[in-house]
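A.B. asks: Take this structure first; my questions come after.
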Amino acid sequence: MRISITRALSILQRCARDCPQQQHSSPSVGNSTLSGAVRLLSSQALATSKEPEAGNVPKKSLNLFSAINQALHIALETDPRSYIFGEDVNFGGVFRCTTNLADTFGKHRVFNTPLCEQGIVGFAIGLAAMDNRAIAEIQFADYIYPAFDQIVNEAAKFRYRSGNQFNCGGLTIRAPYGAVGHGGHYHSQSPESFFCHVPGIKVVIPRSPAQAKGLLLSSIRDPNPVVFFEPKWLYRQSVEDVPEGDYMLPLSKAEVMREGTDITLVGWGAQLSVMEQACIDASKEGISCELIDLRTLIPWDRETVEASVNKTGRLLVSHEAPVTGGFGAEISASIVERCFLRLEAPVARVCGYDTPFPLVFEPFYMPTKNKILDAIKTSVSY
Amino acid sequence: MGSRVVQSSVRLASALGRGLGGGGGGVAVARGGGGTDRRRGLASEAAQQRRDSEKRVGSGDIRVDLLNPFELHRLHDGPATDVFTSKEELMQMYMDMTVLRRMELAADMLFKSQQIRGFCHLYDGQEAISVGMEAALTYEDSVLTAYRDHGIFLGRGGTTFEAFSELMGKKTGCAIGKGGSMHLYKRENNYYGGWGIVGTSGPLGTGLAFALKYQKKPNVAVAIYGDGAANQGQLYEAQNCAALWDLPVIYLVENNHYGMGTAEWRASKKATFFDRLSYIPGIKVDGMDAFSVKAAMLFAKEHCVAGKGPIVVECDTYRYHGHSMSDPGSTYRSRDEVQGFRKERDPIERIRNIILKEELSTAEELKKLDKQVRREVEEEAAKAREAPQPEEHELFSNIYRLDTGLVTYGCDRKDTIKLP
């Protein structure tokens with residue numbers, strides 16, 4: 001079914017990422033006003049999602065944090081043994097994803113932890129091992145590293161090393177990731193590729209509110225530990241009609257957002273809206289781009305990407321994380337293995353530079369629309 | 001006074017401690033409550049008082065009353081409570097703290113007008129810790145702290161121009177504009193910087209102390225962290241190592257009672273930090289009183305340099321602003337509480353009151369001084385605003401040592417950047 005872009009684009013914010021001189025809106029922590037020149041009032045999500053079901057499903061226009069809030073609400077409502085915890089989640093969290101949950105479900109189910117990431121995740125694994133749904137929040141993905149040992153050595157291997165006697169499948173770790181315009185080294189990182197190297201966990205990244213709600217519910221209910229990265233830039237900026245009620249979107253299933261014939265673009269999270277802009281610009285020059293949202297990074301949907309590349313013969317992967325060792329490398333290697341004779345051009349990766357995430361240099365560092373467009377044209381004319 | 005104030009870059013003359021207060025100390029007598037210190041028997045009270053009068057800290061003839069006693073943990077004796085000071089020291093402290101306060105207020109305005117972007121964690125209210133600590137240390141001692149580092153940077157001899165430049169991401173910043181607010185450094189004064197990740201100062205400071213001990217230097221490392229960080233696992237690892245190897249590290253806890261928005265009693269089972277470990281002694285200090293901090297740090301430094309191992313100094317302090325500029329600071333604290341601290345325990349007010357009481361200066365003169373400091377700080381900020389941004393190659397420089405010739409791959413493998 002052809003997906004047509006029917007919604008207005010949140011042009012200002014996305015274009016701002018391409019123009020270093022422009023002032024960015026800063027989604028402030030806990031602050032209700034958006035400072036800066038760019039004010040997004042009723043801007044719509046750039047990357048639209050496929051309707052889970054056609055027909056008369058009632059929908060509501062929500063932003064990303066509200067959609068996530070709804071998903072968490074439903075998760076707690078439908079399973080009495082689910083708990084949400086992390087730093088500052090009780091009052092609603094620094095990004096408001098957990099607003100009102102403590103009031104609704106009580107402080108024994110939605111509670112704050114001290115500042116101890118390793119402790120939070122270790123504790124969550126234990127809770128999950130006793131068949132509870134432990135939804136742990138790490139305040140910023142940049143702070144997830146103290147918990148890395150627990151995730152890699154404990155969560156990922158528990159089922160395997162106990163011969164399926166035990167598991168922590170009820171574990172879901174949520175963390176905001178990605179650039180936000182002014183985050184600097186420790187509020188902008190995209191650490192997804194570290195976790196993609198670990199068999200035993202799943203890594204899921206939504207691109208928009210409707211996707212986030214469905215994917216989060218799937219992640220929480222999936223019988224495997226899931227690390228769920230939320231694009232923090234989109235918490236307020238991405239607005240979309242989100243179906244009300246309980247629904248789940250499948251994990252390990254990529255989605256073709258836009259069909260095309262000349263080149264396949266693969267991405268996830270906030271980067272997709274940049275890629276979509278590039279696709280639109282490319283189509284003005286007669287290049288037909290197919291855009292795929294991977295949604296689940298591991299285990300990833302090789303078949304969909306392979307089928308697409310077999311159709312177009314070209315592949316471009318884009319992510320904010322540094323290019324060397326980023327997840328684009330895995331996609332590239334896999335597709336080359338599978339589609340070598342079909343490929344018309346080398347696989348292009350338009351990613352962050354191999355530097356720590358910079359402060360003032362962020363506009364240069366980011367894989368912007370123009371860089372992607374450039375790579376599309378190079379690939380097509382190879 | 002006049003000549004000192006007129007400078008091209010405003011900095012704290014923290015050399016003060018090196019000349020004056022550094023000599024005193026010695027074995028000071030324990031005073032004050034706290035359930036964890038061992039109380040002496042009445043029989044030795046008289047002897048104690050005799051000893052008191054002989055042990056003092058600070059040169060000068062103005063006696064300072066320490067408002068709040070020290071609380072001790074696993075220590076026989078505590079810091080000196082007979083603290084003396086001089087007009088020069090008082091005026092210098094007043095100046096230094098005023099510069100610090102002004103800088104933070106200027107940073108607030110700059111952030112609101114978007115000249116400073118990113119994150120900005122302000123230090124106003126906690127000035128006594130920086131100034132008091134520096135009065136007890138030298139630049140041979142190593143200091144590192146977390147992200148609320150503007151005050152410590154200035155205390156370590158950084159200039160407001162360097163600080164503003166760094167905050168605004170300019171080339172003239174102390175980290176060439178690459179670090180921003182949380183990452184101010186000053187190598188020549190052994191200030192190992194601000195660190196973004198909570199708790200890292202613990203292990204790192206312990207490492208610095210190990211190096212100092214190895215090199216047989218009569219110096220300490222001061223690892224500063226807050227009440228929010230106190231529950232990080234890595235601190236316990238570090239503190240155990242420090243105690244095991246008798247490292248000269250002072251763990252200075254800036255307890256401003258709120259870890260971002262969470263009150264200390266909601267994050268910690270026991271909201272005191274100086275007495276957490278049975279094998280590391282600790283002192284609890286009134287962190288709003290620069291002289292208490294100075295006396296405690298002198299004692300702590302002596303303890304460490306004598307090879308007795310690490311020590312924790314918990315400073316009871318308060319920050320007027322919220323956690324960062326994104327936090328109004330009023331959703332988890334009442335206005336009365338903040339105003340109460342401003343009225344009753346403001347560190348600058350305390351010094352001002354001593355100055356006025358001792359008639360070392362008049363209210364008008366101090367006001368003039370305030371105005372002058374304000375003007376100068378704002379001039380430095382304006383200068384910093386005019387400074388250029390770092391050059392493009394700085395995006396790729398200093399990733400590695402000797403990264404000349406390093407090939408960095410950008411987006412698309414074809415886009416390679418070779419460093420000159």
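A.B. asks: According to the Kirkwood expression over distinct Cα-Cα pairs, how big is the hydrodynamic radius of chain A, in Å?
C.D. replies: About 20.9 Å, per the Kirkwood formula over Cα pairs.
A.B. asks: About the Cα centre, and with charges only on the beta carbon of Lys, Arg (+1) and Asp, Glu (-1), how big is the dipole of segment B:4-385? Nearest 20 debye, please.
C.D. replies: With only Lys, Arg, Asp and Glu charged at Cβ, the dipole is about 540 debye.
A.B. asks: For segment A:59-243, just list the percent of Cα-Cα distances falling in each 5 Å bin from zero outward, please.
C.D. replies: Pair shares across the bins are 1, 9, 18, 23, 22, 16, 8, 3, 1, 0.
A.B. asks: Under unit Cβ charges (Lys, Arg +1; Asp, Glu -1), what dipole magnitude, rounded to 20 debye, does chain A have relative to its Cα centre?
C.D. replies: I would put it at about 280 debye.
A.B. asks: Compute the normalised compactness of segment B:55-106: alpha-carbon radius of gyration over 2.2 N^0.38 Å, N being the residue count.
C.D. replies: 1.48
A.B. asks: Could you work out the local net charge near B:Glu237, counting Lys and Arg as +1, Asp and Glu as -1, over the other residues with Cβ closer than 14 Å to its Cβ?
C.D. replies: 0
A.B. asks: In this model, which of B:Lys294/B:Lys368; B:Lys343/B:Lys367; B:Lys112/B:Lys170 are farther than 21 Å apart at the alpha-carbon?
C.D. replies: With Cα atoms farther than 21 Å apart: B:Lys294/B:Lys368.
A.B. asks: For a 29 Å ceiling on Cα separation, which of these pairs sit above it: B:Lys186/B:Lys217; A:Lys59/A:Lys377; A:Lys202/B:Lys269; A:Lys59/A:Lys157?
C.D. replies: Those over the limit are A:Lys59/A:Lys377; A:Lys202/B:Lys269; A:Lys59/A:Lys157.
A.B. asks: Over the Cα atoms, compute the radius of gyration (one decimal) and Dmax (the largest Cα-Cα distance, rounded to a whole number) for segment B:244-378, in Å.
C.D. replies: That works out to 18.2, 54 Å for Rg and Dmax.
A.B. asks: Going by how many other Cβ atoms sit within 10 Å of their own, how do A:His73, B:His393, B:His323 line up, fewest first?
C.D. replies: B:His393, A:His73, B:His323
A.B. asks: With 10 Å bins from zero, work out the P(r) of segment B:78-207 over every alpha carbon pair and list the percent per bin.
C.D. replies: Taking every Cα pair in segment B:78-207, the percentages come to 13, 43, 32, 10, 2.
A.B. asks: Okay, helix-only estimate at 222 nm for chain A: each DSSP H run of n ≥ 4 adds -39500 (n - 2.57), divide by all residues, round to 500 deg cm²/dmol; what do you get?
C.D. replies: -9000 deg cm²/dmol
A.B. asks: Most exposed first by the Cβ proxy, i.e. fewest other Cβ within 10 Å, how do B:Arg266, A:Arg207, B:Arg375 rank?
C.D. replies: With the sparsest Cβ surroundings first, the list reads B:Arg375, B:Arg266, A:Arg207.
A.B. asks: Using only Cα positions of segment B:4-385, each an equal point scatterer, no hydration layer, compute I(q)/I(0) via Debye at q = 0.06, 0.08, 0.14 Å⁻¹ and quote the log10 values to two decimals.
C.D. replies: Relative scattering, expressed as log10 I(q)/I(0), comes to -0.21, -0.37, -1.22.
A.B. asks: If the viscosity is 0.692 mPa s and the temperature 37 °C, what Stokes-Einstein diffusion coefficient in µm²/s follows for segment A:255-380 when Rh is the Kirkwood radius over Cα pairs?
C.D. replies: The estimated diffusion coefficient comes to 229 µm²/s.
A.B. asks: Provide a whole-number value for the mean count of partner chain Cβ atoms within 10 Å of the Cβ atoms in peptide B:259-267.
C.D. replies: Across B:259-267, the average partner-chain Cβ count within 10 Å equals 4.
A.B. asks: Placing +1 on the Cβ of each Lys and Arg and -1 on the Cβ of each Asp and Glu in chain A, which of A:Ala156, A:Ala128, A:Ser379 has its Cα farthest towards the positive end of the resulting dipole?
C.D. replies: A:Ser379
A.B. asks: Put +1 on the Cβ of every Lys and Arg and -1 on every Asp and Glu Cβ in segment B:4-385; which of B:Ile280, B:Ser292, B:Leu247 then has its Cα farthest towards the positive end of the dipole?
C.D. replies: Among B:Ile280, B:Ser292, B:Leu247, the one farthest towards the positive end of the dipole of segment B:4-385 is B:Leu247.
A.B. asks: Averaging the inverse of every distinct alpha carbon separation and then flipping it gives the Kirkwood radius. What is it for segment A:183-326, in angstrom units?
C.D. replies: Taking the inverse mean of 1/r over all distinct Cα pairs, segment A:183-326 comes out at 15.9 Å.
A.B. asks: Continuing with the same structure: Would you order A:Glu192, B:Glu379, B:Glu391 from fewest to most other beta-carbon atoms within 10 Å of each residue's own beta-carbon?
C.D. replies: B:Glu391, B:Glu379, A:Glu192
A.B. asks: With a ≥ b ≥ c the root eigenvalues of the C-alpha gyration tensor of segment A:137-224, is it rounded (a/c under 1.5), prolate (a/b larger than b/c) or oblate?
C.D. replies: Cα axes put segment A:137-224 in the oblate bin.
A.B. asks: Give me log10 I(q)/I(0) at q = 0.11, 0.12, 0.18 Å⁻¹ for segment A:173-260, Debye formula, one equal scatterer per alpha-carbon, no solvent.
C.D. replies: Taking Cα atoms of segment A:173-260 as identical point scatterers yields -0.34, -0.40, -0.88.
A.B. asks: Give me the inter-chain shielding for A:181-189: mean count of other chain Cβ atoms within 10 Å, whole number please.
C.D. replies: 5
A.B. asks: Please report the Cα spread of segment A:295-339 along all three principal axes, rounded to whole Å, starting with the longest.
C.D. replies: On the principal axes, segment A:295-339 reaches 28, 20, 16 Å in Cα extent.
A.B. asks: Within 10 Å of each Cβ of A:113-123, how many other protein chain Cβ atoms are there on average?
C.D. replies: 5
A.B. asks: I would also like to ask the following. Express the relative contact order of segment A:255-380 as a whole percentage, based on alpha carbon pairs under 8 Å and six or more residues apart in sequence.
C.D. replies: Normalised by residue count, the contact order of segment A:255-380 is 29 percent.
FYI, it's all coordinate maths here, none of it is from the lab. Bear in mind the structure is a predicted one, so any value in this text is a computation, not a measurement. Neighbour counts run over all protein chains shown; Cβ positions are idealised from the backbone, glycine included.
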